[in-house]
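The values are calculated or read from the model by the stated rules, or taken from the named source; none is laboratory data. This structure is a prediction, so every number in the text was calculated from the model and none was measured. No Cβ is skipped: glycine too gets one built from the backbone with ideal geometry, and neighbour counts run over all protein chains shown. Heads up: the accessible areas ignore ligands, DNA and RNA and are worked out on the full protein's heavy atoms, side chains in. Shrake-Rupley method; radii C 1.70, N 1.55, O 1.52, S 1.80 Å.
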Amino acid sequence: MSPRRIDTGGRIDRLRTIRFTFDGAPYTGHAGDTLASALLANGVTLFGRSFKYHRPRGVLTSGVEEPNALVTVLRGEVREPNIAATMVEIYDGLTAVSQNRFPSLSWDVSALNQLGGNLLSAGFYYKTFMGPAIGPLKGTRFWMFCEHFIRRAAGLGRAGIAADTARYERMNAFCDVLVVGSGPAGLMAAKAAADQGARVILSELEPHFGGSANWSGETIDGMPAADWAARTASQLEGRDNVRLLPRTTVWGYYDGNTLAAVERVTDHKERPGKGEPRHRYWAIRAKSVVLATGSFERPLVFPGNDRPGVMLAHAAERYANEYGVLPGNRIALFTNNDSAYRAALALKRAGAAIVAIVDVRPELSSEMRKLADEAEAKSLSGHAVVATEGGKALSGIKVQRFDMANGALAGDARSIQADCLLMSGGWSPTIHLASQAGAKAEWNAARQAFLPPKPTQQWIGAGAFTGSFSTAGAIAEGRAAGLAAAGGTGTPAALPVVEAAPGDPDPAPVFEIRANGKSFVDFQHDVTAEDVRLAHREGFVSVEHLKRYTTLGMATDQGKSSNIPGLAIMAEALGKPIPEVGTTRFRPPFSAVSIGSLAAERFGDLKPERLTPMHDWHVANGATMYSAGLWYRPMIYGLSGETIEQAYVREAKATRESAGIVDVSTLGKIAVQGPDAAEFLDRVYTNMFSTLAVGKARYGLMLREDGLAFDDGTTWRLGEQDFLMTTTTANAGKVMQHLEYFLDVIWPELKVHVTSVTDEWAGAAIGGPKARAILAACVTGTAVDNATLPFMGIVRGKISGVPVMICRLSFSGEMAFEVYSGAGYGTHVWEALIEAGKPFGLVTYGLEALGTMRIEKGHVTGAEIDGRTTARDLHLDWMLSKKKPFIGSAMMDREGLIAPDRLELVGLISLDNQPLNGGAHIVETLDEANPHDSIGHITACCYSPALGKYIALALVKDGKARRGRRAHISDPLRGRFGPVEIVSNHFFDPDGSRMHG
Amino acid sequence: MLITCPYCGPRDVIEFTYQGDGNRQRPQPASQDLDAWNAYVYDRLNPAGDHNEIWQHSGGCRAHLKVVRNTLTHEISSVAFARGDHKAAMRHKAEGKS
Ligand SMILES: [Zn+2]
């Protein structure tokens, strides 16, 4: 048995031993242990080093509010830093390491920071690095020099660089009543609401339901409170109208009673089950919410209150009662309220010696005196702890007489030997969610705490959350809240009977003992009471400014343990009561949320993907697939040993020499139909469509309302009132919404219907000198000669028995045809075309070759229609009709859009025979050391097999006028500089003789 | 945030696409009044309180809705079809229910 493990009691399973490591050393624990309880059981006192001073730190709490014992959990190469050891359930093989120490936890170089403590007082970073020049060192330059060292020394855990391989899910849930927290109040609320037939969700951030019932040592309905909680939870478990969510933190409360939660599904398991996500993000819409989130015990502020071995009183009580672990053998307590006495008695019963209960209050109630006697503890009322002793573990404390009325210390300090000091500074209701919901907390002088205010959304509070710190109160409030939330009425049966230790819920208004030495307010950020006073002396009077200046309550703590003591000290310095200083508003998240759970199905194997009808064929035939938005498209069909460049050059060359075929099913396709369809197209395109003959297609350009280019594509007139519009792959959705907006909002009188038919059609583009011969060999029912199928003509026929629509248009610059068939026949038609093309040397080509041929032709795509370019910039002004208004026509001629120095589309030829880079700048004068005066940038580049050169398209200032001139590319990021010639964007076959045939 | 689509019922905001300020007045297509076009394309109110907005139920019936939303509280006080009473859709809905 481990040195600090008690023989009996608690929820742990002593028959099941679990092996794990901490900082490389092997340890054992039991099923039911957290990392914190298991390490404490092994006698470990040192859990981490503090943020700034690298002071040794132990574990302060037993729950989610832990500021000190933050560890990094390793799973293979994946690191997860800043996890509270109190929230990690151990499993076989758990590997955890401590943080913020160098070279090791027990021997840390930066701990020397403590000696020069004043150097790192509040505002150190601000004053040193934002301030004026100090000698030759200007503040910001000095920061740049020091940053590396400071970032290494001061901080939390280090994030890993290995990709997170875990799976995450998102769930939407709806309920009548969401109960947050499952202590006695939450359990009663859930039960009462469920009994009314309401749909209930009960969430609990810990692994087990019951909250304080699991360790209070109280009796409910004649049984141990923990058993009562387990029984109540099991009664809820089987119900159809109840969903229980353990290990689930409700971290955000948003408008419309929408709450966000994260469920840690498999963090406690050695490995996830099949298909199990690591975390599940819950978006919960609740008609009403019961907030039964309990309260946090507050530390007291006194010198040495951060030494390992100093712990919150209830945490020690919990370690003893719930985990069977004694955090010390000789325990002292320091308190300003009654709750510590129950803790003393619990630890006494668990086998510890209680050496003293130091209480700031001069008078104790007879009940407390009786509890102290039962615990066989020396009762030191009217005293305070003024120092702690020891290094990496506590060895003793010093106490002095204390006058609560004026904070004065008197008499000699006396030493008491102790290996553990428990403190209790009163309790703060966990009002974070209510604060997020928009409510401003109200100070309660009796409780010395901010209590939740009147709800601004549909929530009801219950239990310690409302300041009702007794279990009997929690049970009564919980049931009332559950009943009210479910809209229930009537008189229910008698309430469960609680037997509990007595105690006054109101603490003495003492937060700090002022004596020599560092007294910590915020343990996580090493903010001391003196730092708060310094901030005040330097003129920070607002609590929000105090927070930013001192970093009080930032990072994972978010004021859970530090908020009220910090405020109290600030209030005293200002000479104002606490409510006038105010509290900060809590914002989501309540506690850390994994980024993975927020991204959920948007990445990994749950991400949706769109596949063309011919996808499987491409994969089976050696295509390297490329993801474009949600689509997957063939990039190249590489032969073995080929580089990407070799593959696309081969594919493009073969297409221009004989023929090539490419899958164009991803193009957006929209059916535009109705009596006013032609009129509508005249309004959305810059050019005329009403004059287009049935059976013909036309290339069209759309502008945005502001006159900039939006999208391009061909539109086919299939009938008098029936058009098939194609859009770029990337803009398919946007164009559809654009059309719908104008039809629904601006021109509802137009009789037009638009339908997205992208997924209805499979498309194959076949181009090259042999393309027509290939079609002639496989198309039946129509001729494909020049007379029947002229440029931009459309015919219907069959391929291998399947009806197809063929339009003669060209993106590659070759004689080319787009063949559309029903999506279900896509592969069948594709294979028939491949088969027919065999004797003609037909190749399949991918996006790279497609891009290469379009660059050679100087066609624009999204890289050039980038939201900043106009039709004129792209030399598409010939498409701007003067006969009619269209979307963007009024705004496109504004001064700035027709200025002579605008970026215009040009071609570039590399003069050093080296590849060009997308995004590289273009300059007139090369200055590698100090690049300046960019005149434009490259939008697309490739090796052109037709020209035998590296070429690019670029947007260049006054580009047209620069044709024939030399310039340089300047790409300092990739170290590529070199001469280029500026030419027309039409590199290849500028008069179009090949495609017109 | 919930938007109650007159056709589909109350739905999460995730199903909708914001389509801009509902106060915009588009000039006649042939208008050459650049000031009017400028106001339509660029000028926006930024009220702290009720705001007229156009939302498309893009993940549902795809209708455009005129929504009055309070920018401080996200409270939605009215939702209507942007193109009017949308008779066809309502008829369709009534038939679906019967
Ligand atoms: Zn709808």
All-but-one check, B:ALA80 against (1) exposed (fewer than 15 other Cβ atoms within 10 Å of the Cβ); (2) more than 16 Å from the ligand (Cβ to nearest atom); (3) under 13 Å from the mean Cα position of the chain (by Cα), failing number (2)
In the range B:21-35, residues that are open to solvent by 70 Å² or more (accessible area, probe 1.4 Å) and either touching a Leu at 6+ places or on another chain (Cβ under 6 Å) or of a type in the set (S, T, N, Q) (or both) total 3
The strands (runs of 3 or more DSSP E) lying entirely within the range A:246-318 that contain at least 1 residues which are hydroxyl-bearing (Ser, Thr, Tyr) and more than 14 Å from chain B (Cβ to nearest Cβ) are A:248-254, A:279-291, A:295-297
Flagged in the range A:748-763 as at the interface with chain B (Cβ under 10 Å from one of its Cβ atoms) and closer than 18 Å to A:THR715 by Cβ, in numbering order, are A:VAL754, A:SER756
Of (1) closer than 23 Å to A:THR258 by Cα; (2) touching a residue at least 60 places away in the same chain (Cβ under 8 Å); (3) within 11 Å of chain A (Cβ to nearest Cβ); (4) open to solvent by less than 50 Å² (accessible area, probe 1.4 Å), B:LEU2 fails just (4)
Considering only the range A:689-697, I want to know if a residue exists there that is outside any loop (DSSP other than H, G, I, E, B), open to solvent by less than 20 Å² (accessible area, probe 1.4 Å), of a type in the set (A, V, I, L, M, F, W, C) and within 22 Å of B:GLY59 (Cβ to Cβ). no
It is to be established whether one or more residues within the range A:858-872 are under 26 Å from A:THR686 (Cα atoms), open to solvent by less than 10 Å² (accessible area, probe 1.4 Å) and touching a His at 6+ places or on another chain (Cβ under 8 Å).
yes
Can you confirm whether B:THR71 is away from the ligand (no atom under 16 Å from the Cβ) and either surrounded by fewer than 13 Cβ atoms within 10 Å (Cβ to Cβ) or not basic (Lys, Arg) (or both)? yes
The residue from A:THR726, A:THR788 that alone is outside any strand (DSSP E or B) and either open to solvent by less than 30 Å² (accessible area, probe 1.4 Å) or out of contact with any Phe, Trp or Tyr (no Cβ under 6 Å at 6 or more places or on another chain) (or both) is A:THR788
Turns out the helices (runs of 4 or more DSSP H) fully within the range A:461-567 with at least 1 residues that are at pLDDT below 95, acidic (Asp, Glu) and under 33 Å from the mean Cα position of the chain (by Cα) are A:529-537, A:543-550
Open item on the list: Considering only the range A:815-830, I want to know if a residue exists there that is of a type in the set (D, E, K, R) and over 29 Å from A:MET635 (Cα atoms).
Closed with: no
The residue that is most open to solvent (accessible area, probe 1.4 Å), considering only those in the range A:729-749 that are closer than 16 Å to B:ARG26 by Cα and touching a residue at least 24 places away in the same chain (Cβ under 8 Å), is A:HIS738
Criterion first (open to solvent by 50 Å² or more (accessible area, probe 1.4 Å) and either within 14 Å of another protein chain (Cβ to nearest Cβ) or under 24 Å from A:TRP830 (Cβ atoms) (or both)) does A:LEU639 satisfy it?
yes
- Message: Whether any residue in the range A:166-189 is part of a helix (DSSP H, G or I), surrounded by fewer than 20 Cβ atoms within 10 Å (Cβ to Cβ) and assigned by TED's automatic domain parsing to the domain that holds A:ILE475 is what I want to check.
- Response: no
Practice task
Could you tell me whether the range B:56-65 includes any residue that is more than 16 Å from the ligand (Cβ to nearest atom) and modelled with pLDDT of 95 or more?
Solution key: no
Q. Looking at the range B:39-54, is at least one residue in contact (Cβ under 8 Å) with a residue 24 or more places away in the chain, open to solvent by 40 Å² or more (accessible area, probe 1.4 Å), of a type in the set (Asp, Glu) and within 16 Å of the ligand (Cβ to nearest atom)?
A. no
Going through the range A:393-426 in order, the residues found to be in a strand (DSSP E or B), out of contact with any Leu (no Cβ under 9 Å at 6 or more places or on another chain) and either among the polar types (S, T, N, Q) or in the same structural domain as A:ALA464 (by TED's automatic domain parsing) (or both) are A:SER395, A:SER415, A:GLN417
Filter the range B:16-34 for residues that are among the charged types (D, E, K, R) and within 11 Å of chain A (Cβ to nearest Cβ); the one that is farthest from the ligand (Cβ to nearest atom) is B:ASP33
Per the filter on the range B:37-54, residues small (Gly, Ala, Ser) and either under 30 Å from A:ASN257 (Cβ atoms) or within 9 Å of chain A (Cβ to nearest Cβ) (or both) are B:ALA48, B:GLY49
**Study point:** Meets criteria (open to solvent by 10 Å² or more (accessible area, probe 1.4 Å) and under 43 Å from the mean Cα position of the chain (by Cα)) for A:HIS828
**Key:** no
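The rows are residues; the columns are (1) under 38 Å from the mean Cα position of the chain (by Cα); (2) on the phi > 0 side of the Ramachandran plot; (3) at pLDDT below 95.
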position	(1), (2), (3)
A:THR691	no, no, no
A:GLY695	no, yes, no
A:TYR699	no, no, no
A:MET702	yes, no, no
A:ASP711	yes, no, no
A:THR714	no, no, no
A:GLU720	no, no, no
A:THR727	yes, no, no
A:ALA730	yes, no, yes
